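Read the structure below first, then the notes.
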Amino acid sequence: LDCGPAIMRQLELAGLDAGDPTHVIVSHQHGDHTLGLPMLLLNRVLFWPERPLLVLAMRPVLAVLQQLVMLAYPDLSQRLAETVEFAALDDRQGSYQLPRAGEINYAMTPVRHSVPTWGIRLVCGIPDGRSVVYSGDTAPTRAIVALAAGADLLVHDTFFLTPPADHYSGHSAAEQVGAIAAEAGVRMLALVHREHTDAAYAADYCAAAAAHFPGLILAPNAGDSYRI
């Protein structure tokens, strides 16, 4: 889910290599969510050309991703075409099967950011499997409350520890995310995209969210692994 500039290091921290992912889903076009994609695809072409990779996003974002990759590696276009497929997702109301992913369904919703951005719900194991909702970058929005209803895990943008002074920031604060998780009735909450990434702040983010949400609250760092 998203592919920032440090993707190669993040995969290493997670005990993976560039050949392991089968799908990349991108929420929006901002560089901190996309600029690692050319490097990931380069490594696939050079070292794992036999492993297909599917890059998925809403159509406007998908067009930007394709332009980005071609700007970075125009000389690899033919080899990329043999290994990597770009495909558009669907944000119409309802649930759809994730391409080439077996029993995994997805649903999308637009969220509130400075550029068009979409949150996604993944249900792993049809019909009653575990569900994970990823907000992308967003200010608080009713759309995520609806998308995350009853989910096992909500992974939500929590850039701010306390709400910002300006009316619209395009990101959420920990207390706001706790309220969203409580209203949606999720089982677990993960606070990501935090402005203060030092471990010393993690407890403060969790405490702010816990003012509204009584369930398990996580403040993940790169390389962390959880079972849901």
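Can you tell me which of (1) touching a helix residue (DSSP H, G or I) at 6+ places or on another chain (Cβ under 6 Å); (2) closer than 20 Å to THR117 by Cβ; (3) open to solvent by 50 Å² or more (accessible area, probe 1.4 Å) is the one PRO5 doesn't meet?
(1)
Can you tell me which residues in the range 9-32 are more than 23 Å from ARG100 (Cα to Cα) and either surrounded by 15 or more Cβ atoms within 10 Å (Cβ to Cβ) or among the aromatic types (Phe, Trp, Tyr) (or both)?
GLN10, GLN29, HIS30
Which one of the conditions (1) within 25 Å of TYR106 (Cα to Cα); (2) surrounded by fewer than 22 Cβ atoms within 10 Å (Cβ to Cβ); (3) in contact with a Gly (Cβ under 7 Å, 6 or more places away or on another chain); (4) not basic (Lys, Arg) does ILE144 fail to meet, given that it meets all the rest?
Every condition holds for ILE144 apart from (2).
Test LEU122 against the stated conditions and say whether it is crowded, with 16+ Cβ neighbours inside 10 Å, closer than 30 Å to GLN97 by Cβ and either touching a Phe, Trp or Tyr at 6+ places or on another chain (Cβ under 9 Å) or in contact (Cβ under 8 Å) with a residue 24 or more places away in the chain (or both).
Answer is yes for this residue.
Here are some conditions: (1) within 14 Å of HIS23 (Cβ to Cβ); (2) without any contact (Cβ under 8 Å) to a residue 24 or more places away in the chain. LEU37 meets all but one. Which one does it not meet?
(2)
From the list ALA174, ALA151, pick out the single residue that is in contact with a Leu (Cβ under 7 Å, 6 or more places away or on another chain), without any contact (Cβ under 8 Å) to a residue 40 or more places away in the chain and either open to solvent by less than 20 Å² (accessible area, probe 1.4 Å) or within 30 Å of GLU12 (Cβ to Cβ) (or both).
Answer to the check: ALA174.
Inside the range 186-228, can you point out the residues that are of a type in the set (Val, Ile, Thr) and surrounded by fewer than 15 Cβ atoms within 10 Å (Cβ to Cβ)?
Those that are of a type in the set (Val, Ile, Thr) and surrounded by fewer than 15 Cβ atoms within 10 Å (Cβ to Cβ): THR197, ILE228.
The values are calculated or read from the model by the stated rules, or taken from the named source; none is laboratory data. Because the structure is predicted, anything quoted here is derived from the model rather than measured. Positions of Cβ are backbone-derived with ideal geometry, glycine not excepted, and every protein chain shown enters the neighbour counts. We work out accessible area using only protein heavy atoms, side chains counted, and drop any ligands, DNA or RNA first. Shrake-Rupley method; radii C 1.70, N 1.55, O 1.52, S 1.80 Å.
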